[in-house]
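Student: I have a structure I would like to understand better, so I am pasting it below and will then ask my questions one at a time.
The values are calculated or read from the model by the stated rules, or taken from the named source; none is laboratory data. Quantities reported herein were computed from a predicted structural model and do not represent experimental measurements. Glycine also receives a Cβ, built like all others from the backbone with ideal geometry; neighbour counts cover every protein chain displayed. The accessibility values were calculated without ligands, DNA or RNA, using every heavy atom of the protein model including side chains. Shrake-Rupley method; radii C 1.70, N 1.55, O 1.52, S 1.80 Å.
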Amino acid sequence: MSAYGISSYPDVPAIEARIRNLTGSPIRTLTAEQLAAYHEWYEKHTPTSKQAAAEANEYIPGGVQHNLALNDPWALSITRAEGAYLHDADGNRYIDFLQAGGPTVLGSNHEAVRAAVLELLEHCGPVTGMLHPSETALAKLIHDFMPAVHKFRMLGSGTEAVMAAIRVARAHTGKQHIIKVGGAYHGWSDQVVFGLRIPGSGPLEAAGIPAPAYSGTSETAPGDLEALRARLTVNAENGGTAAVLLEPVGPESGTHPAPHDFNAAVRELCDEFGTLLVFDEVVTGFRLGMGGAQGYYGVAPDLTVFGKCVAGGYPAAGGVGGREEVMAAFAGGLTAAGQRALTGGTLAANPLSCTAGYHTLLEMDRLDAPAKAGAAGDRLRAGLEGLIAKYELPYVTYNFGSIVHLHTSGVLHLRLDDPEFFDKLTPRLKMLGHMSLAYAAEGVITLAGSRIYTSMADTDEVIDDALAAFERVFAQIPA
Ligand SMILES: Cc1ncc(COP(=O)(O)O)c(C=O)c1O
């Protein structure tokens, strides 16, 4: 199996100290004049996008379909994606550090995967509703890479896979409660839109969700094992905990980074309380390495949630896998008898998604993609660290291989017990948007201005170009 993509683990206590300094310091952002100059750049260079965005606003709520999409001053209309680059309708080229939100560790629209998909379309079409060989091939390959995943149920998205994992955990254990780590995003289903993005925020983002839908969900602070034990103890007297659900690198791809030994300690707690451990590997699954975060940390979860890479950037990317006895509750087919955790979907496990996923994973392993993408992340993080020091900025950067964090406003790290929380929230959120639009105008697309996914396509030259773009932004920030 190819190597893991993390060359050295982030120093979590040092990062936390730097983040506390960031959120405790005044914001260091672009001036109104500098922003006006960037707006002028958009006016001059992206007129087709401007027009397309105006039309999108007529028919699409908010004018964009993704929650974290760049839409200030308007959404860029991207018409071509290739390797490390995105191209917009006006002919501008951008370095692509969004990578569609993470699934394309090989780089966008990788040729070998495309060829396998085209061949499938030629001979079978995208969907039949019957068993296709690619479904078994993908499930077997995942098992080969992740031995803890004995069986695998392919679904349509990470959101669906989390729903299924929770359902099967309850069906298997007969217990009711779910515990997540505060601040984590596990998709948008009713039970997990709780404690979203900012730890401790509970139902703040739960508009449209009746309270009973998430009454079985609780959150504990990132990295806080004592709080987790306390919650497990309370739950044990009240129906028990079916599952602890977490992202192994920490919430939001490690925006709140997990200490290296956290996962093993949670594993022990879960065993002590008869609770299933569910790893959400929607991002880390294959990005950190073909064995996922579970292979990297050497901790076997009972269930693993997949998304993104599992269909290699093609649609319908989700699945849940795990221990034989737990997965048995997902029995399928007309003859399945008895109580089962119902899942499904017309397009779930369609030949197109499974073929794309299977060939993506094979290619990633063959080409050592997680390690190459990780090395690109290391180079970028080291360069960003240098720029932050050079311009004496309070910004914080660190990486888990190809997952690079760049916190400039600290908005995601504001604490609800900070008496200035609401005063800080709006300007820092705005700043994140401003940095994001400045990076894009300088030729780099990020995930909402604070997260970067590198890919195998990011050569040293690409990373150095990106660093030059970041420097053009940082150099302007007034003292
Ligand atoms: C950690 C994590 N879990 C779950 C999801 C939801 O996956 P999907 O967008 O496929 O529904 C995401 C999406 O970004 C994610 O990052």
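Student: Being assigned to a strand (DSSP E or B), within 15 Å of residue 358 (Cα to Cα) and within 16 Å of the ligand (Cβ to nearest atom), is that true of even one residue in the range 313-333?
Tutor: yes
Yes or no, residue by residue, for (1) out of contact with any helix residue (DSSP H, G or I) (no Cβ under 7 Å at 6 or more places or on another chain); (2) without any contact (Cβ under 8 Å) to a residue 60 or more places away in the chain; (3) buried (at least 18 other Cβ atoms within 10 Å of the Cβ):
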site	(1), (2), (3)
7	no, no, no
19	no, no, yes
36	yes, yes, no
41	no, no, no
75	no, yes, yes
86	yes, no, yes
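Student: A further question on this structure: Scan 169, 139 and give me the residue that is crowded, with 24+ Cβ neighbours inside 10 Å and in the same structural domain as residue 313 (by TED's automatic domain parsing).
Tutor: 169
Student: From the residues in the range 258-275 that are in contact (Cβ under 8 Å) with a residue 60 or more places away in the chain and open to solvent by 10 Å² or more (accessible area, probe 1.4 Å), which one is farthest from residue 114 (Cα to Cα)?
Tutor: For the range 258-275, the residue satisfying everything is 274.
Student: When you look at residue 293, is it buried (at least 24 other Cβ atoms within 10 Å of the Cβ) and either among the polar types (S, T, N, Q) or touching a residue at least 40 places away in the same chain (Cβ under 8 Å) (or both), yes or no?
Tutor: Yes, satisfied.
Student: Just checking, does the range 367-390 include any residue being closer than 17 Å to residue 134 by Cα and either assigned by TED's automatic domain parsing to the domain that holds residue 167 or more than 20 Å from the chain's Cα centre (by Cα) (or both)?
Tutor: No.
Student: Of the residues that make up the range 55-62, is at least one open to solvent by less than 40 Å² (accessible area, probe 1.4 Å) and within 28 Å of the chain's Cα centre (by Cα)?
Tutor: Scanning the range 55-62 turns up at least one residue that is open to solvent by less than 40 Å² (accessible area, probe 1.4 Å) and within 28 Å of the chain's Cα centre (by Cα).
Student: On to the next question. Hey, among 446, 397, which residue is β-branched (Val, Ile, Thr), open to solvent by 10 Å² or more (accessible area, probe 1.4 Å) and in contact with a helix residue (DSSP H, G or I) (Cβ under 6 Å, 6 or more places away or on another chain)?
Tutor: Residue meeting the stated conditions: 446.
Student: Suppose we filter the range 312-340 for residues that are modelled with pLDDT under 90 and among the hydrophobic types (A, V, I, L, M, F, W, C); how many remain?
Tutor: The qualifying residues number 4.
Student: I've got another one for you. Out of the residues in the range 210-266 that are more than 16 Å from the ligand (Cβ to nearest atom) and of a type in the set (Asp, Glu), which is nearest to residue 302 (Cα to Cα)?
Tutor: If we take residues in the range 210-266 being more than 16 Å from the ligand (Cβ to nearest atom) and of a type in the set (Asp, Glu), then 261 is nearest to residue 302 (Cα to Cα).
Student: Please work out if residue 357 is surrounded by 24 or more Cβ atoms within 10 Å (Cβ to Cβ) and part of a helix (DSSP H, G or I).
Tutor: Yes: the conditions hold for residue 357.
Student: Look at the range 43-54 and say how many of its residues are open to solvent by 50 Å² or more (accessible area, probe 1.4 Å) and in contact with a helix residue (DSSP H, G or I) (Cβ under 9 Å, 6 or more places away or on another chain).
Tutor: 4
Student: For the range 56-73, which positions are of a type in the set (A, V, I, L, M) and without any contact (Cβ under 8 Å) to a residue 40 or more places away in the chain?
Tutor: Correct list: 56, 60, 64, 69.
Student: Kindly evaluate residue 156 against the criterion of being buried (at least 17 other Cβ atoms within 10 Å of the Cβ) and within 30 Å of residue 410 (Cα to Cα).
Tutor: Judged against the criteria, residue 156 is not a match.
Student: Hey, another quick one. For the range 184-209, name all the residues that are open to solvent by less than 60 Å² (accessible area, probe 1.4 Å), away from the ligand (no atom under 11 Å from the Cβ) and within 15 Å of residue 251 (Cβ to Cβ).
Tutor: Passing the criteria: 193, 194, 195, 196, 197, 198, 199, 200, 201, 202.
Student: Quick one: which residue in 406, 447, 416 is in contact (Cβ under 8 Å) with a residue 24 or more places away in the chain, aliphatic (A, V, I, L, M) and more than 30 Å from residue 296 (Cα to Cα)?
Tutor: When all the criteria are applied, what remains is 416.
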